[in-house]
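Undergrad: The structure under discussion is supplied below as structure tokens; questions concerning it will follow.
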Amino acid sequence: MKKINAVLAGYIIVALVAQPVAFTAEFHVATAQEFQTALSTAAVNGEDDTIFLAAGIYKGNFNFLTTAAQALTIQTESGLKPGDVVLDGEAKGRVLNLDAGSANANFTLGTLVFRNGSINGNGGGLSARTRGIVSVSQCQFTRNSSSSGGGGGIYIANANSLAVTNNTIAGNWGSNIWGGGLFIDNVVSAYPTFPIWFTPCVFREAVSFIDGILSSLMLSAS
């Protein structure tokens, strides 16, 4: 009996050791270069990552490209308020590109300003492509444009779940019917079971859905 108990105990220990461990990483950045370095590192480290931005204006065109099913959170440092952290594309390209391809990556953005993004395509302020969850809250999108596409402010593609809450999307421009403010592409094919939240946001441009659900819906409400 003692031998059996010892064997069982050994199995239990092995099972506990074999359990997958979720690794996480944090980055605290204060310059545009540090921000891009954090994005590049997070894209390949195989961990769930959180990037905290100090108050300031971050000028550049920032990219996160991954094939991993991981989570990425980008937010301001604790104690900062909306408007304290500005991502400025300087009209030289998209402000922020988050691309996980067909991976189930989760993107969470909070309390950021996206401005002066300009792209020959979709999503001048923000482009997020993933099969996972996208959450954007307490952000401002202004003076962003897409010259040959939609979603001057925001472009989101292929996500399994989407929450756009407590944002202000105003003063953005798209060149066609696919939404100067927000363009949602290929994420509503499971409608009406597909979860989308928009409240309470302020929109001043068109919001568009593809797959025939909604097209160029003009909103101006909170």
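Undergrad: Subtracting the Cα-Cα distance from 0.36 nm times the residue separation, let me have the gained length for residue 45 to residue 186 in nm, one decimal. Intermediate values should be presented prior to the final figure.
TA: Details: separation 141, 0.36 × 141 = 50.76 nm, distance 2.85 nm.
Length gained, residue 45 through residue 186: 47.9 nm.
Undergrad: Give, as ranges by residue number, the residues of the stretch 115-134 whose backbone N falls under 12 Å from the point 7 Å along Cα→Cβ of residue 90.
TA: No residue qualifies, since no backbone N sits under 12 Å from the label point.
Undergrad: Additional query: Which order, highest average first, do 125-134, 97-106, 79-88 follow once you tally other Cβ atoms within 10 Å for each residue and take the mean per peptide?
TA: 125-134, 97-106, 79-88
Undergrad: Name the long-range amide H neighbours of residue 85: under 5 Å, sequence gap of 5 or more, or other chain; modelled H, no Pro or chain starts.
TA: Correct list: 56, 113.
Undergrad: Let me ask another. On a full-extension model of 0.36 nm per residue, what is the gain between residue 165 and residue 23, subtracting their alpha-carbon distance, rounded to one decimal in nm?
TA: Working: separation 142, 0.36 × 142 = 51.12 nm, distance 2.80 nm.
The span from residue 165 to residue 23 would gain 48.3 nm if fully extended.
Undergrad: Right, something else. Highest mean first, what order results for 64-73, 111-120, 31-40 on Cβ atoms within 10 Å? Kindly include the intermediate steps, with their values, before the conclusion.
TA: On the way: 64-73: 19.1, 111-120: 23.0, 31-40: 17.2.
Result, highest mean Cβ count within 10 Å first: 111-120, 64-73, 31-40.
Undergrad: Between residue 54 and residue 173, what is the FRET efficiency for a Förster distance of 22 Å, r being their Cβ-Cβ separation, to the nearest 0.05?
TA: 0.15
Read-outs: derived from the displayed coordinates by stated rules, not from any lab. All values reported here derive from a predicted model rather than from experimental measurement. All Cβ positions, even for glycine, are placed from backbone atoms using ideal geometry, and neighbour counts span all protein chains on display.
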